[in-house]
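Undergrad: Submitted below is the structure of interest, expressed as structure tokens.
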């Protein structure tokens, strides 16, 4: 169903999911105005979500985004800059974009999943594959990653470093099992690639020597 009340649109080079918490630093004048308008509406009892969409500046690269609600204002500076937390609420598909304000606005149609039970075997497979991928990433980067208790594909897809195109694809999909299947396929491709990269790093760090000693 089309929502004829437009929502402010915030193009960013990231993909966010329902229930995800995202910190934002608001410093551009147009987005200061956006937050001022959102907060003014809130003071009058009207909840206005912020439409996060893949893009940059005034260029929108995705058709589906995630409506975010202002969860908390962390810091507010004298020059109007803000540090805030927003929380993903619901996905949307853009029907029309308006450009008469300093920031973009969009008329949107909200997106819901088709009703189907989640396959627990597929969920377990995706979580296990993510565990293997995280091990490879930690070995490659030396940075420890905390993934927590994962209950669905959107939570799994929040692992750092996941391909942006895949994340947008997952956001647009309307079945949980389809998302889990796509994640499993991605992990199956990435795990051996990261293992090969790690092996190359070890060879490079040892200047190509494998431990054998040449006689003189």
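Bear in mind that the values in this text are calculations on the coordinates, not laboratory data. A quick note: this is a predicted structure, and the numbers were derived from the prediction, not measured. We place every Cβ from the backbone using ideal geometry, glycine too, and count neighbours over all the protein chains shown.
Undergrad: Under 1.5 on a/c is rounded, so check that first for the range 2-111, then, if it is not, pick prolate when a/b is larger than b/c and oblate when it is not; a ≥ b ≥ c are the square roots of the alpha carbon gyration tensor eigenvalues. Walk me through the intermediate numbers first.
TA: Details: a/c = 1.39, a/b = 1.37, b/c = 1.01.
Rounded is the answer for the range 2-111, as its axis ratio a/c remains below 1.5.
Undergrad: At a Förster distance of 22 Å, what's the computed FRET efficiency of residue 101 paired with residue 147, Cβ-Cβ distance as r, to 0.05?
TA: Values: r = 39 Å, r/R0 = 1.77.
Result of the calculation: an efficiency of 0.05.
Undergrad: Classify the range 66-191 as rounded, prolate or oblate, taking a ≥ b ≥ c as the square roots of the eigenvalues of its Cα gyration tensor: rounded when a/c is under 1.5, otherwise prolate if a/b is larger than b/c and oblate if not. Each step should come with its number before you reach the end.
TA: Numbers: a/c = 2.33, a/b = 1.40, b/c = 1.66.
Note, shape of the range 66-191 comes out oblate.
Undergrad: So how tilted is helix 29-43 from the main axis of the chain? Cα-based, degrees 0 to 90, rounded to 10.
TA: Computed tilt is about 60 degrees.
Undergrad: Show me 10-23, 144-157 ranked by packing, highest mean number of other Cβ atoms within 10 Å first.
TA: Descending mean neighbour count gives 10-23, 144-157.
Undergrad: Residues of the range 116-138 with backbone nitrogen within less than 16 Å of a virtual label 7 Å along the Cα-to-Cβ line of residue 188, please, listed as ranges.
TA: Counting backbone N atoms under 16 Å from the label point, the list is 121-133.
Undergrad: Follow-up question, since we're still on this one. If R₀ is 30 angstrom, what is the calculated FRET efficiency for the pair residue 71 and residue 109, using the beta carbon separation as r and rounding to 0.05? Don't skip to the answer; put the middle values down first.
TA: Working: r = 24 Å, r/R0 = 0.81.
In this case the efficiency is close to 0.80.
Undergrad: Okay, moving on. How do 115-124, 178-187 rank on mean C-beta neighbours within 10 Å, highest first? Before the final figure, lay out each step's value.
TA: Numbers: 115-124: 11.9, 178-187: 20.3.
Order by mean packing, descending: 178-187, 115-124.
Undergrad: Only helical DSSP H runs with n ≥ 4 go in: add -39500 (n - 2.57) per run for the chain, normalise by residue count and round the 222 nm mean residue ellipticity to 500 deg cm²/dmol.
TA: Details: 5 runs with 80 residues, N = 216.
Roughly -12500 deg cm²/dmol at 222 nm, from the helical runs in the chain.
Undergrad: Right, something else. Could you tell me the distance between the Cα centroids of the range 48-81 and the range 96-144, to the nearest Å?
TA: 17
Undergrad: Sticking with this structure for a sec: On alpha carbon coordinates alone, what is the Rg over Rh value for the chain, Rh being the Kirkwood radius? Show your work: numbers first, answer last.
TA: Details: Rg = 21.4 Å, Rh = 19.6 Å.
That ratio is 1.09, to two decimals.
Undergrad: Here is a follow-up. Taking the DSSP beta bridges in the chain as the whole, what percent of them are antiparallel, to the nearest 5?
TA: 90
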